[in-house]
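J.: Quick one: the structure is below, questions incoming.
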Amino acid sequence: MMTNLFSVFDPSSCFNLSLNWLSTFIGLMIIPMSFWLLPTRFSFIWFSILNTLHKEFKTLLGPTGHMGSTFIFISLFSMILFNNFLGLFPYIFTSTSHLTMTLSLALPLWLSFMIFGWINHTQHMFAHLVPQGTPPILMPFMVCIETISNMIRPGTLAVRLAANMIAGHLLLTLLGNTGNSCPSNLLFIIIFTQILLLILESAVAIIQSYVFTILSTLYSSEVN
């Protein structure tokens, strides 16, 4: 019997070791070596997706963006997408449902953008605090609002990803726990609902990794 509904997301495991976090690195063992050596249909599909993302990120970063910076965001997208999908398998810990993981991704990215922007483009960063066309009376308030909205960006990035991941998994856990005690005529409905929820969670896994990466790209483009 579970003492807490959120205990299914507890990263602690046997012998008080957080072995569940090793799920982040399972991809190195799952991906076959032939994927890197021989061109397959899966590799062609994946490379076309990455090429599309590269073009989109390059457009968002603009002509002033540094060459090769899109590969940072492509790698970020791939890692988040892999961890989101891996959490849909039974008995595998979802690392992206914890703020420890998501904040570790969002905070260094945002902090590096801010340090780079304030050191190299100080006037441009000050200009961002007051939107164009703001009346002089509202300028002090706009500076406060823009500063607060800028400061909470890593938190919103991290909470958005973790909350979306944990919400669907909680629904699946609740439905799975009621399967033992429900009557047999409702069992088919519960299984069908769980299949629909799994399809929805697969879409959420793709969308949330894309949203996290796109917002990081937009934050990066603002400091140039």
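J.: Under the 0.36 nm per residue contour assumption, what length would be gained going from the current alpha-carbon distance of ASN185 and MET139 to full extension? Display every interim value, and only then the final one.
T.: Numbers: separation 46, 0.36 × 46 = 16.56 nm, distance 6.36 nm.
This chain segment gains 10.2 nm when fully extended.
J.: If you don't mind, another one. Kindly write out, for segment 70-86 in residue order, the coupling ³J(HN,Hα) from the Karplus curve 6.51 cos²θ - 1.76 cosθ + 1.60 (θ = phi - 60°), rounded to whole Hz, with x marking Gly and Pro.
T.: Values per residue, Gly and Pro as x: 5, 5, 4, 6, 5, 5, 5, 4, 5, 5, 5, 4, 4, 5, 5, 6, 5 Hz.
J.: Rounding to the nearest 10 and keeping the result within 0 to 90°, find how far the Cα-based axis of helix 99-120 lies from the longest principal axis of the chain.
T.: Tilt of helix 99-120: around 10 degrees.
J.: Under the Karplus relation 6.51 cos²θ - 1.76 cosθ + 1.60, θ = phi - 60°, what is the ordered set of whole-Hz ³J(HN,Hα) values for segment 180-196, x standing for Gly and Pro?
T.: Couplings: 6, 9, 7, x, 5, 6, 8, 5, 5, 5, 5, 5, 5, 5, 5, 5, 5 Hz.
J.: Which value in nm describes the separation of the simple spin-label points at THR59 and SER202, placed 7 Å from the Cα toward the beta carbon?
T.: Placing both labels 7 Å beyond Cα along the Cβ direction yields 2.7 nm.
J.: In addition: Calculate the FRET efficiency for SER69 and TRP118 from the Cβ-Cβ distance with a Förster distance of 22 Å, rounded to the nearest 0.05.
T.: So the FRET efficiency works out to roughly 0.75.
J.: Using only the Cα atoms, work out Rg/Rh for segment 92-136, with Rh taken as the Kirkwood radius, to two decimals.
T.: 1.26
J.: Give me the tail of P(r) for segment 5-222 as a percent: Cα-Cα pairs with distance above 31 Å. Let's see the in-between values first.
T.: Values: 8549 of 23653 pairs.
Percent of Cα pairs beyond 31 Å in segment 5-222: 36.
J.: Moving on. From the phi of every residue in segment 146-158, what ³J(HN,Hα) in whole Hz does the Karplus formula 6.51 cos²θ - 1.76 cosθ + 1.60 yield, where θ is phi - 60° and glycine or proline is x?
T.: 5, 5, 5, 5, 6, 6, 8, 4, x, x, 5, 4, 5
J.: What size of dipole, in debye to the nearest 20, comes out for segment 5-222 about its Cα centre when the only charges are +1 on Lys and Arg C-beta atoms and -1 on Asp and Glu C-beta atoms?
T.: 260 debye
J.: Sorted from fewest to most neighbouring beta carbons within 10 Å, what does the list SER78, SER104, SER184, SER95 look like? Mind dumping the intermediate values first?
T.: Details: SER78 17, SER104 13, SER184 6, SER95 24.
If I rank by nearby Cβ atoms, fewest first, I get SER184, SER104, SER78, SER95.
We did not get these values from a lab; they are worked out from the coordinates using the rules stated. Because the structure is a prediction, the values reported are computed rather than measured. Heads up, the Cβs are rebuilt from the backbone with ideal geometry, glycines too, and the neighbour counts pull from every protein chain shown.
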